[in-house]
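This report refers to the structure that appears directly beneath it.
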Amino acid sequence: MKFAEHLSAHITPEWRKQYINYEEMKAILYSAVEQAPSAEVVEPEVLTRYFAKFDENFFHYCDKELAKINTFYSEKLAEATRKYANLRSEMSTALEKDHHSKESFLKNRASLLRKTAVPARKLQDLKLAFSEFYLSLILLQNYQNLNFTGFRKILKKHDKLLSVDVGAKWRTENVEIAHFYTNKDIDRLIQETESTVIRDLESGDRQRAMKRLRVPPLGEQQSPWTTFKVGLFSGSFIVLLVAVVLSAIFHQSRDDWRVAFRLYRGPLLLVVFLFLMGLNVYGWRSSGVNHVLIFELDPRNHLSEQHLMEMAAIFGVIWTLSVLGFLYSSSLSIPPYANPLVLILIMVIFLINPFHTFRHGARFWVLRVMGRIVMAPLFYVGFADFWVADQLNSLVPVLLDFQYLICFYVTNTGNLMEATDSNKCGTNFIALRSVVACLPAWFRFAQCLRRYRDTKEAFPHLLNAGKYSTTFFVVLFSALSTVYKDDYEGSSGNPYFYIWIVASIVSSCYAYSWDIKMDWGLFDKNAGDNRFLREEIVYSSTGYYYFAIVEDLILRFCWALSLSLTEMGYVHGEIMVSVLSPLEVFRRFTWNYFRLENEHLNNCGKFRAVRDISVAPMDSSDQTQILSMMDQEDGVTNRKKKQKKKPSGGGNRIGRLNVAEEQHRLMFEGESTDDPDS
């Protein structure tokens with residue numbers, strides 16, 4: 001592997017601008033050689049002056065790169081040193097409290113229950129904090145090694161192309177004595193962290209301590225076995241899908257095709273969604289978008305894109321086998337409607353399986369997030385919470401199909417051979433279906449209200465809540481239009497139909513504007529060369545962004561095309577739903593790329609590459625420090641609105657204390673000062 005590829009594969013995404021600009025320096029070298037005067041047509045002195053001038057500019061560029069790397073390394077090392085001292089202090093306090101609580105057990109058993117609960121939890125938090133801190137040290141050590149190797153490689157290439165040894169001398173005189181290379185404090189911090197965790201947190205068990213501190217390969221190498229399984233199941237799914245299509249075409253026609261469509265459409269959409277999520281993860285990882293940090297996943301144990309694609313392919317195979325079993329049920333002598341029921345049971349059992357198999361950590365992460373979403377607004381809203389809730393807004397057809405499936409099997413109890421009425425669980429349950437259709441929008445609406453309660457910021461949270469509230473009106477007037485359609489001669493005489501159209505237009509315009517401006521951060525007035533976009537972009541081509549802007553507009557208003565075709569009787573409504581549902585999933589797939597990119601760039605401004613976990617309690621010294629910071633002009637950037645000055649100094653101090661307490665709450669709960677909704 002070439003060094004340029006190795007560098008791009010191993011850099012820490014949040015620090016990408018702080019690494020040696022190897023590609024640019026290599027391009028400068030090749031350009032100088034290509035543009036050099038020919039030795040056959042010019043005097044040797046001219047050629048010497050040309051390369052002397054080039055070397056002057058080139059090494060001046062090297063000086064700037066070296067200064068940039070030295071400065072950044074010194075800042076991160078100082079930050080790591082302070083963090084280590086804080087963690088040691090917090091650990092000493094926790095261990096002391098734990099020791100006192102054990103001594104008090106001999107005097108009073110009841111006191112053990114009161115006093116050991118907090119230290120035990122604190123020790124667990126400390127283990128997590130040290131684990132994240134250790135990861136940050138390894139990343140900094142990796143930064144140190146990659147930059148030295150980069151200078152060695154580029155200077156060696158310089159000497160080879162120009163047939164000189166000036167690069168080697170410059171490296172000896174500058175790089176090998178540079179602070180980022182000669183300083184070994186990072187190695188000392190790594191050793192001390194390992195010793196501290198082994199001795200104080202894992203009771204001398206080195207194997208268990210190093211397992212906790214284990215750092216995943218920074219190159220994100222994929223397992224060959226996983227790659228093989230992805231290919232095997234994907235190929236099997238494609239072959240079986242072709243068999244399903246051919247069987248459906250040449251099989252004896254059925255009168256209950258609408259029921260079968262609704263029973264199998266939802267699971268297939270989930271398979272497609274899971275596969276596209278794998279593509280999302282691949283795109284984020286290859287472009288340097290740190291989704292692991294944004295979603296606060298375990299960097300040592302999380303799903304890669306291949307794992308997601310593997311699960312999608314496996315469930316795709318199960319889905320095709322179920323459909324084939326349905327089509328050939330008479331030949332197989334099994335009840336046809338037992339097939340979709342078994343398919344759903346397999347998917348549900350996989351999700352709630354309590355045993356530590358089949359991606360247990362990822363499955364229960366999803367269940368925990370879903371639990372917080374359903375209970376909104378009772379829980380604090382993190383990035384993963386509102387992001388998953390946004391995905392649900394694109395999976396409304398899946399929820400409606402699952403409602404239909406449950407209704408179908410409840411009303412058809414004991415009869416798995418045939419379906420009597422395809423509309424029995426559809427139009428007859430219009431009120432229930434309307435409630436189900438509103439649930440994802442309600443979850444996001446409630447989350448926005450909770451965000452407003454936590455931050456007291458009307459913008460953007462209340463404005464975002466207003467966006468989701470438009471969905472309620474769309475669903476309401478759509479249901480009223482359907483209920484009262486028999487009272488009017490066609491849709492043209494139905495007033496609810498026109499109100500539904502107006503509500504849909506308002507909702508689509510509102511949502512599209514929010515997608516482009518707030519979620520993606522585009523149409524920034526300081527975009528510079530990236531016209532209509534933003535100043536900084538991650539993905540390689542601006543064409544991706546322009547495509548997404550147009551694609552999001554078209555798919556946001558696809559309902560208008562569907563309405564026209566179904567109203568004029570050209571296409572059946574169920575077919576249009578089956579066509580538009582995957583398109584909405586694809587729209588969300590595109591949305592995910594730019595939403596995560598926007599969040600990633602906001603984070604990159606702070607160069608935060610790992611979670612900053614603090615377990616220190618607020619004490620008087622902390623308050624004093626925060627108050628002194630707030631008295632400085634640049635001490636705290638996240639200030640509340642300036643309070644009116646009062647003659648009494650005590651009033652100002654109380655105001656500052658309230659802000660200090662709020663600052664500590666944000667630090668303790670892990671709340672970002674960036675608004676995840678904007």
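Readers should treat all values here as calculations from the given coordinates under stated rules, not as data from a laboratory. Quick caveat: nothing in here was measured; it's all calculated off a predicted structure. As a convention, Cβ positions derive from the backbone with ideal geometry for all residues, glycine included, and neighbour counts pool all protein chains shown.
Quick look at the numbers
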| item | result |
| --- | --- |
| Calculated FRET efficiency for the pair Leu378/Lys485, C-beta based, R₀ 22 Å, to 0.05 | 0.05 |
| Pairwise FRET efficiency - Lys97 versus Met210, Cβ, R0 = 25 Å, nearest 0.05 | 0.40 |
| Positive minus negative residues near Pro440 (Lys, Arg vs Asp, Glu; Cβ under 15 Å) | +2 |
| Where labels lie 7 Å past Cα in the beta-carbon direction, separation of Leu246 and Leu367 in nm | 4.1 nm |
| Net charge over other residues, Cβ less than 15 angstrom from the Cβ of Ser329 (K, R count +1; D, E count -1) | -2 |
| Dipole of region 1-47, positive end: most advanced residue of Ala32, Val46, Phe3 [Cβ charges, Cα centre] | Phe3 |
| Residues Tyr409, Tyr546 arranged by fewest to most Cβ contacts within 10 Å | Tyr546, Tyr409 |
| Inter-label distance for Asn70 and Tyr282, nm, one decimal - labels placed 7 Å from Cα along Cα-to-Cβ | 4.4 nm |
| Linear extension gain, His360 paired with Ser330, 0.36 nm per residue minus alpha-carbon span | 7.0 nm |
| Backbone HN-Hα couplings from phi across region 329-336 [Karplus 6.51/-1.76/1.60, Hz, Gly and Pro as x] | 4, 5, 5, 8, 6, 10, x, x |
| Given Lys17/Lys76; Lys64/Lys517; Lys26/Lys76; Lys122/Lys184; Lys76/Lys157; Lys64/Lys525, the pairs whose alpha carbons are separated by over 24 Å | Lys64/Lys517; Lys26/Lys76; Lys122/Lys184; Lys76/Lys157; Lys64/Lys525 |
| Likely footprinting exposure, Glu599, Glu90, fewest C-beta neighbours within 10 Å first | Glu90, Glu599 |
| Förster radius 35 Å - calculated FRET efficiency between Glu5 and Thr81, Cβ distance, rounded to 0.05 | 0.60 |
| Phi to ³J(HN,Hα) by Karplus 6.51 cos²θ - 1.76 cosθ + 1.60 over region 172-184, Hz, x for Gly, Pro | 5, 7, 10, 6, 6, 10, 5, 4, 5, 9, 7, 6, 10 |
| Computed lengthening from Thr420 to Asp187, 0.36 nm per intervening residue step minus Cα-Cα distance | 76.6 nm |
| Relative exposure of Glu132, Glu23, Glu34, judged by other C-beta atoms within 10 Å (fewest first) | Glu34, Glu23, Glu132 |
